[in-house]
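The values are calculated or read from the model by the stated rules, or taken from the named source; none is laboratory data. Model, not experiment: these values are computed from the prediction. Cβ coordinates were reconstructed from backbone atoms using ideal geometry, including for glycine residues, and neighbour counts include every protein chain displayed.
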Amino acid sequence: MATHDRYESPLVARNASEPMIRLFGPRRRIMVWRRLWIALADAERKLGLPVTSKQVAQLERAVDKVDFAAAARYEKRLRHDVMAHLHAFADQAPAARGILHLGATSAYVVDNGDLIITRDALMLIRDWLVNVVDALADFAKRYRSMPTLAFTHYQPAQLTTVGKRAALWCYEFVRDLDEIDARIAQLRFRGVKGTTGTQASFLQLFDGDLTKVDRLERDVARRFGFARCEPITGQTYSRKVDAQVVCALAGIAASVHKFANDLRLLANLKEIEEPFETKQVGSSAMAYKRNPMRCERATGLARFVISLASSPLQTAAEQWFERTLDDSSNKRLTIPEAFLATDGMLRIVTNVARGLVVYPKVIAARVRAELPLMATEDILMAAVSCGGDRQALHERIRQHARAAAHRVKVDGLDNDLLERIAADPAFAGVNVKAVTDPRQFIGAAPQQVDAFVREYVSPIRRRHRKALGRSADLAV
């Protein structure tokens, strides 16, 4: 069948990075299985079971030569993917056929393999988060002191700064990074546990010597970089592990959604926009448009990942006793797609955060339009300090505010409240321009940005300096 006659996931074609795509590809999965089989055989050999160096060496020579066609033929007959690949591997290393998978169950390769891939995928996600945090922190520092109108309930509120708002976005991703670090740190190898987690088959192989069984498990785990194994399992590791991982990805999705939505609103206000290339088309009909398509795509991916969070929880809840197989088909969808989508949206956020376009004059104009109302209390206090009557001055400001509001809402003109106050003899002793300098209304926002970058972002940059600078070019 021709390439364009088959469905291809947009996660692969349009969104995820090549390292994440390869990580969840079939070759990587089967290579991990084969490495697990070799590790088990070699560890059993070292502990005295009848496995020879020649058998292990033959497996090593064949490890990269995965015959997917042979495995497909076996699976069509056997209806069991692990056994299909076991037979295909054994055909390539016939001397080791009799010792392959010795004492193991399918969960040995499937579950341990999934945990290895999950750990590696979490590390790729961590690298993206580091780059997002780095880019947003750079932006926050650059605009740490630029006054901008803040919004609560999407209504004009007191001022903040462009950099402080970016630091808010950044901090959400710092929290996500902490959660991903926790998931990586807590991830344990499923281990060498046998069919129902009792290790009965391995105890039989080692004539009841539990010390050797424990050594076997620790040895195999160490070969794949795990310091700890699950202390107790059924046939599989607890599916709550998958649920916790996907919930962590959904947390990232919530941060992406918030960031992208804010930028979409700012683009509408013409204050800040995502990058827009010179040849880019915003609309097939409206040639003037600059749609925030990157943030829109990130929002859509984020919504998808958030929706996936419930599925692994339901799988964890549905496991009967030591295991039931309805987890398998669900895991094959939810785990890779949650990672691919999260990888894709973080790739977009990194790209956008590095190329944000700011329009200072538009931002300043909106501040000027709203600042008169915010400044009235400061003007009142300054006038009282000059000897004025507080109550009388309050009434004067109220009357001017009503007149200015009528001018804005009814006549569609600019807010001239400050000009009215400045022309009123009751406020003759007040330097209205000085009192209404926007920089007087941003509080400690610049210092908060500095402290946040110093105390939270700088340690991340030092700890993950090798991950910084990852390319975030988009496929489409």
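Note on the range 367-393: residues that are among the acidic types (D, E) and more than 28 Å from T160 (Cβ to Cβ) amount to 1.
Out of the range 136-158, which residues are polar (S, T, N, Q) and free of Cβ contacts under 8 Å to residues at least 12 places away in the same chain?
Of the residues in the range 136-158, the ones polar (S, T, N, Q) are 145, 148, 152, 155, 158.
Once the filter is applied, which keeps residues that are polar (S, T, N, Q) and free of Cβ contacts under 8 Å to residues at least 12 places away in the same chain, the range 136-158 yields T152, Q155.
Quick one: would you say R407 is loosely packed, with under 13 Cβ neighbours inside 10 Å and closer than 22 Å to Q155 by Cβ? No: the conditions fail for R407. Of all residue pairs spaced 6 or more apart or on separate chains, those with beta-carbon atoms under 6 Å, a first member in the range 310-334 that is in the same structural domain as I117 (by TED's automatic domain parsing) and part of a helix (DSSP H, G or I) and a second member that is surrounded by 13 or more Cβ atoms within 10 Å (Cβ to Cβ) and basic (K, R) are T315/R239; A316/R239; A316/K240; D327/R239. Exactly one residue among L149, L177, L129 is touching a Leu at 6+ places or on another chain (Cβ under 7 Å), surrounded by 18 or more Cβ atoms within 10 Å (Cβ to Cβ) and not in a helix (DSSP H, G or I), and that residue is L149.
A residue that is outside the structural domain of T233 (by TED's automatic domain parsing), surrounded by fewer than 22 Cβ atoms within 10 Å (Cβ to Cβ) and in contact with a Leu (Cβ under 6 Å, 6 or more places away or on another chain) can be found somewhere in the range 77-88.
Matching residues to (1) surrounded by fewer than 21 Cβ atoms within 10 Å (Cβ to Cβ); (2) modelled with pLDDT of 95 or more; (3) basic (K, R):
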site	(1), (2), (3)
Q280	yes, no, no
Y288	yes, no, no
A298	no, yes, no
A309	yes, yes, no
W320	yes, no, no
R332	yes, no, yes
P336	no, yes, no
T342	no, yes, no
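Hey, does the range 113-131 have a residue that's assigned by TED's automatic domain parsing to the domain that holds F339 and closer than 30 Å to D437 by Cβ? Checked the range 113-131: no residue is assigned by TED's automatic domain parsing to the domain that holds F339 and closer than 30 Å to D437 by Cβ. When residues in the range 429-448 are screened for being within 26 Å of A140 (Cα to Cα), free of Cβ contacts under 8 Å to residues at least 24 places away in the same chain and assigned to a helix (DSSP H, G or I), 1 of them pass. When the criteria are applied in full, A472 meets the requirement of being in contact (Cβ under 8 Å) with a residue 60 or more places away in the chain, surrounded by 16 or more Cβ atoms within 10 Å (Cβ to Cβ) and either more than 16 Å from C170 (Cα to Cα) or out of contact with any helix residue (DSSP H, G or I) (no Cβ under 6 Å at 6 or more places or on another chain) (or both). Condition (residue is buried (at least 16 other Cβ atoms within 10 Å of the Cβ), assigned by TED's automatic domain parsing to the domain that holds V245 and in contact with an Asp or Glu (Cβ under 7 Å, 6 or more places away or on another chain)) applied to the range 374-396: is it met by at least one residue? The answer is no, given that none of the residues of the range 374-396 is buried (at least 16 other Cβ atoms within 10 Å of the Cβ), assigned by TED's automatic domain parsing to the domain that holds V245 and in contact with an Asp or Glu (Cβ under 7 Å, 6 or more places away or on another chain). Here P372 passes the criteria (1) out of contact with any Leu (no Cβ under 9 Å at 6 or more places or on another chain); (2) modelled with pLDDT under 90; (3) in a helix (DSSP H, G or I); (4) not aliphatic (A, V, I, L, M) except the one numbered (1).
Which ones in the range 375-395 are assigned to a helix (DSSP H, G or I) and in contact (Cβ under 8 Å) with a residue 24 or more places away in the chain?
If the condition is that a residue be assigned to a helix (DSSP H, G or I) and in contact (Cβ under 8 Å) with a residue 24 or more places away in the chain, then A375, T376, D378, I379, A382, A383, A392, L393 are the ones that fit.
Applying the selection to the range 396-428, what residues are assigned to a helix (DSSP H, G or I) and more than 23 Å from V384 (Cβ to Cβ)?
Let us first name the residues in the range 396-428 that are assigned to a helix (DSSP H, G or I), namely 396-409, 417-423, 425-427.
Answer for the range 396-428, where residues must be assigned to a helix (DSSP H, G or I) and more than 23 Å from V384 (Cβ to Cβ): A405, H406, R407, V408, K409.
Residues that are in contact with a helix residue (DSSP H, G or I) (Cβ under 7 Å, 6 or more places away or on another chain) and closer than 16 Å to L373 by Cα within the range 384-413 comprise L393, H394, R396, I397, H400, A401, A403, A404, L413, listed in sequence order. Scanning the range 460-467 for any residue that is touching an Asp or Glu at 6+ places or on another chain (Cβ under 7 Å) and part of a helix (DSSP H, G or I) turns up at least one such residue.
Condition check ((1) surrounded by fewer than 19 Cβ atoms within 10 Å (Cβ to Cβ); (2) of a type in the set (A, V, I, L, M, F, W, C)) across all residues:
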{"residue": "D181", "(1), (2)": "yes, no"}
{"residue": "T211", "(1), (2)": "yes, no"}
{"residue": "F226", "(1), (2)": "no, yes"}
{"residue": "T236", "(1), (2)": "no, no"}
{"residue": "V241", "(1), (2)": "no, yes"}
{"residue": "E273", "(1), (2)": "no, no"}
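If we keep just the residues of the range 41-77 that are aliphatic (A, V, I, L, M) and within 34 Å of the chain's Cα centre (by Cα), which is nearest to F339 (Cα to Cα)? Working first, answer last.
Kept after step one, since they are aliphatic (A, V, I, L, M), are these residues of the range 41-77: 41, 43, 47, 49, 51, 56-57, 59, 62-63, 66, 69-72.
Okay, now just the ones that are also within 34 Å of the chain's Cα centre (by Cα), so 63, 66.
Values: V63: 27, V66: 25 Å.
By that ranking, first place goes to V66.
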